[in-house]
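Enquirer: My questions will all concern the structure given below.
The values are calculated or read from the model by the stated rules, or taken from the named source; none is laboratory data. These numbers were taken from a predicted model, which means no experiment stands behind them. Don't worry about glycine lacking a Cβ; one is built from the backbone with ideal geometry, like all the others, and counts go over all protein chains shown. Side chains are part of the model used for accessible areas, which takes the heavy atoms of the whole protein and leaves out ligands, DNA and RNA. Shrake-Rupley method; radii C 1.70, N 1.55, O 1.52, S 1.80 Å.
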Amino acid sequence: MTRRILVTSALPYANGSLHLGHIIEAVQTDVWVRYQRMRGNDCIYVCAEDTHGTPIMIRAQSEGISPEALIARVAEEHRADYRDFLVAHDFFHSTHASETFALTRSLYERVRDAGYIDRRNVRQAYDESAGMFLPDRYVRGTCPRCNTADQYGDACENCGATYSPQDLKDPRSTLTGNAPVWRDSEHVFFKLSAHEAMLRDWVAGKSLQPAVRAKLREWFEAGLADWDISRDAPYFGFEIPDAPGKYFYVWFDAPIGYLGSFKALCKQRNIDFDQYFAATSTAELYHFIGKDISYFHTLFWPAVLHSAGLRLPTAVFAHGFLTVNGQKMSKSRGTFITARHYLELLPPEALRYYFAAKLGDGLDDIDLNLEDFVARYNSDIVGKLVNIASRCAPFIARSGGKLSDHLFDDAGYTELAAMGEKVGRCLEAREYSQAIREIMAVADRANQFVDQHKPWLLAKDPARSGDVQRICTQGINYFRLLMTWLAPVLPQLASAAERFLGVSLARWDAPREPLLATPLAAYQPLASRLDNTAVARLIAAPAAPTENQVTDTAAHITIKDFQRVQMRVARVAAASLVEGSDKLLRLTLDLGSEQRTVFSGIRAAYDPDTLVDRLVVVVANLAPRKMRFGVSEGMVLCAGDDDSGIFLLSADSGAKPGMLIT
C-alpha cells in the first residue's frame, strides 16, 4: 500500500548564509525523502525561509533596505545553496507569504475561540534611545551567578545559568549601549499548561526519540509555563488581529510556515490540504530538526495544532550539532564553514556521503573530521564503488559493449541482492551510518569477486572470453546494485550511472533481477579523488609559525600569510566606556550577519558617542581573547604613533557591514 507522507526540515533564518550545520539536516531529510520515493511512496518535502523577528528588522535597517528586500535576497541565496547540494524540495516558500499569513490568523483564532489564549502584563527591558522593547538577546550584562561580564540576557555562556534580563548586573542594550529601563506591556499568552495531559500521552508514544522523551520528562517535572506569543512594535512580522501594535512572536508563525509552504504547493498541484492536516488524516507528517529546537516542536507546536483542531505530527526527528575537527563551529578558529564556501572548493556529494556515513537515529553530535572525510570518500566511493565499474567496463567493451545473457554466479548475486532489504530498513529508521556500513560490506565482497576471478588474466585466453564477459557482467550488476542503494545519498552520481548502464535507478527493488544482454554506454570516469589542498582550504585557522619563520620572515610575508587575515567592514552599533579601564572602549560591532563585542584601546582618542554608526575595519578571524572586562571577539584596526596619536581605519561610506577587505 502506498504511503502518503509530508516531510519538513527546520526553516533557515533569513539573517545570514547557510552553514554546514544547515546542510547536514537538509541532507538527512533529503536522503530519507528520496528513499521513500524509490519505495513507491507518495512523499512530499517542503521547507521555507524563516523571515520574522527583531534581528531581521535590525539588519535591514543597518543595510538601509526594507526587511522584504533583505529576506528576498537571502532566500535566493539559500535556495541556490540547497539546490547545489542536491536537496530536492518540492516547494521552498517563505513565512512572510500570504498562505502563512492566512493560516497564522486562522490558527490563532481557532486557538483563541477554544479558550487557550490569555493576556497579562509583562515587565521587560526597553531602550529609550532606540524606542523599542528589547528581546532577551539584545540585552547584555554581568551574569548574576558567576559574575562573568558581557553575557546575554537569557543565559550565561560561561556557567550555563538561565535567567531574565532583569537579573543581569549592569545590563545594557546591544543596540545603543545604554542601560535599559523596565516597562510593563500587555502580552498575549498561549495556555501551554492546559495541554499537559495530551502532551504526556503523545510523548509516551513512538513519535519521539528516547533522548528527546527523557528531556521532555524534565520539562514536565519543572512544570509547563504558558507561552508568550506576542511582541511589541516595532517588530517585523504579522500583526495580531485583536491586539493592535502587537505582533506574533516568530516562533508562533515559523512552524505554521510548514503549512503555508505546503498550502502553496497544494494550489500548484491541486492537492487536498485537509487530507494531510485534518484531525482525521491518515497521512504521515514528519519534522526533521536540530536538537536545540526540540522544545518548540515537541511541546508548543503539537499543542497549537491540537487546540486548533488539526492533526499532530507522526514523529519529530532530532539530530545533534555539527563540529569540525572535534571543535564547535567557530569563525575565529576558521571552522565556521558556509555552504557556499564548501561548494566553491569541493563536490557536494562527497559531503553528502560523509554525513550519511556519520548520521544515526540519535542526538549525538556529528564531527566533520577533514582527514577522515578525505580518506573515507576516496576509499569508499573511488576505491570501492566506482572501481568495480571501471575495472569491468573495458572487458564488456571488448565483448561488443553488451552484457552477457546470464551471470557467472547466480547464487552469489542473489545473496548480495537480498541485502537491499536490510539496507532499506536502516534508511527507513534513519540509521544511515549502519546502511553505509552494510553497503560497503557488499562493495568489498563485489571487489573480492572480481579479484578472485581475475578477468584480466582470463582475457589472455580466447577460449575463456565467455567467462570474462559473464564475470564482468556480474561485476557491473554489483555496481548497479550498490549504486541503486546509494542513489538517495548520491543522486548526481546515480544519474551518471544511469547513463552508463542505460537503465533507471529509481526503483529500490529493481536490481533483484539482474541486468542482462543489454548494451552499456562508453565508460566515462564517474568520480575523482578529493584534493587534500582544497579540503585544507575549508578552514582558515592560521598555522603556528616555526622558530625560523619568526626570524627569517620578519621583514616579508607571503600572499598566503596575508590571505589568512580576514578583514571585514563593521558598523559601530554601540560604544561605551569600560568601567575600571582608562584605555579601553567597549564596541558593539555589526558585521551584517552577526554582532560582536570588541574591546579597543582608543579611549584617549575618541568619545564613544561619536563612534556610533561609523564604519570601521575589523580583523574578523582573530581568536577571541578573554579579558578582565569580558571576551573581545576581534580587533579594530588603527594607525598612529606616539607623536600623532591614534586614528581608526575607516571604510568608504558606500561599504556595507560584513564586506570582506580584499
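Enquirer: Kindly indicate the residue of the range 509-531 that is closer than 25 Å to ASP405 by Cα and of a type in the set (Ser, Thr, Tyr) and also most open to solvent (accessible area, probe 1.4 Å) among those meeting that condition.
Expert: TYR523
Enquirer: What's the number of the condition SER129 fails, among (1) open to solvent by 30 Å² or more (accessible area, probe 1.4 Å); (2) in a helix (DSSP H, G or I); (3) hydroxyl-bearing (Ser, Thr, Tyr)?
Expert: The single condition SER129 does not satisfy is (2).
Enquirer: Filter the range 611-632 down to residues that are at pLDDT 80 or above and open to solvent by 30 Å² or more (accessible area, probe 1.4 Å) and give me whichever is farthest from LEU589 (Cα to Cα).
Expert: Restricting to residues being at pLDDT 80 or above and open to solvent by 30 Å² or more (accessible area, probe 1.4 Å), the top hit is LEU622.
Enquirer: Do you know which residues across the range 443-498 are among the acidic types (Asp, Glu) and either modelled with pLDDT of 95 or more or surrounded by 14 or more Cβ atoms within 10 Å (Cβ to Cβ) (or both)?
Expert: Selection gives ASP444, ASP451, ASP467, GLU498.
Enquirer: In addition: Which condition does LEU427 not pass, out of (1) under 18 Å from ASP451 (Cβ atoms); (2) part of a helix (DSSP H, G or I), if it passes all the others?
Expert: Result: LEU427 passes all but (1).
Enquirer: Can you tell me which residue within the range 1-45, out of those that are in contact with a strand residue (DSSP E or B) (Cβ under 8 Å, 6 or more places away or on another chain), of a type outside the set (S, T, N, Q) and over 25 Å from ARG269 (Cα atoms), is surrounded by the most Cβ atoms within 10 Å (Cβ to Cβ)?
Expert: ALA14
Enquirer: Scan ASP226, ASP272, ASP253, ASP232 and give me the residue that is closer than 26 Å to THR298 by Cβ and more than 28 Å from the chain's Cα centre (by Cα).
Expert: That would be ASP226, the only listed residue that is closer than 26 Å to THR298 by Cβ and more than 28 Å from the chain's Cα centre (by Cα).
Enquirer: Restricting attention to the range 633-648, report how many residues are modelled with pLDDT of 85 or more and either under 13 Å from VAL598 (Cα atoms) or part of a loop (DSSP other than H, G, I, E, B) (or both).
Expert: 4
Enquirer: ALA161 is checked against (1) at pLDDT below 95; (2) more than 27 Å from VAL612 (Cβ to Cβ); (3) open to solvent by 30 Å² or more (accessible area, probe 1.4 Å) and fails just one. What number does that condition carry?
Expert: So the condition that ALA161 fails would be (3).
Enquirer: Of everything in the range 197-236 that's part of a strand (DSSP E or B) and not small (Gly, Ala, Ser), which residue is farthest from GLN61 (Cα to Cα)?
Expert: Among them, the one singled out is TRP227.
Enquirer: Return the pair list, or none, for Cβ contacts closer than 8 Å from residues in the range 99-120 that are part of a strand (DSSP E or B) to residues that are open to solvent by 80 Å² or more (accessible area, probe 1.4 Å), at least 6 apart or on different chains.
Expert: Pairs that qualify, where the first residue is part of a strand (DSSP E or B) and the partner is open to solvent by 80 Å² or more (accessible area, probe 1.4 Å), are ARG119/GLU186; ARG120/GLU186.
Enquirer: Right, something else. How many residues, within the range 240-268, are closer than 22 Å to PRO135 by Cα, part of a helix (DSSP H, G or I) and among the aromatic types (Phe, Trp, Tyr)?
Expert: Of the residues in the range 240-268, 2 are closer than 22 Å to PRO135 by Cα, part of a helix (DSSP H, G or I) and among the aromatic types (Phe, Trp, Tyr).
Enquirer: Residues being assigned to a strand (DSSP E or B), over 30 Å from SER307 (Cα atoms) and under 30 Å from the mean Cα position of the chain (by Cα): count how many of those fall in the range 156-185. Steps first, please.
Expert: Residues of the range 156-185 assigned to a strand (DSSP E or B): 162, 169-173, 181-185.
Cutting the leftovers down to over 30 Å from SER307 (Cα atoms) gives us 169-173, 181-183.
Checking the rest, the ones that are also under 30 Å from the mean Cα position of the chain (by Cα) come to 173.
Qualifying residue count for the region: 1.
Enquirer: Could you please find all residues in the range 186-196 being part of a strand (DSSP E or B) and open to solvent by 60 Å² or more (accessible area, probe 1.4 Å)? Write out each step before concluding.
Expert: Residues of the range 186-196 part of a strand (DSSP E or B): 186-190.
Hit for the range 186-196 is GLU186, nothing else.
Enquirer: Anything in the range 521-540 that is part of a loop (DSSP other than H, G, I, E, B), at pLDDT 90 or above and among the aliphatic types (A, V, I, L, M)? List them, or say none.
Expert: Listed by number, the residues that qualify are ALA521, ALA522, LEU526, ALA527, LEU530, LEU538.
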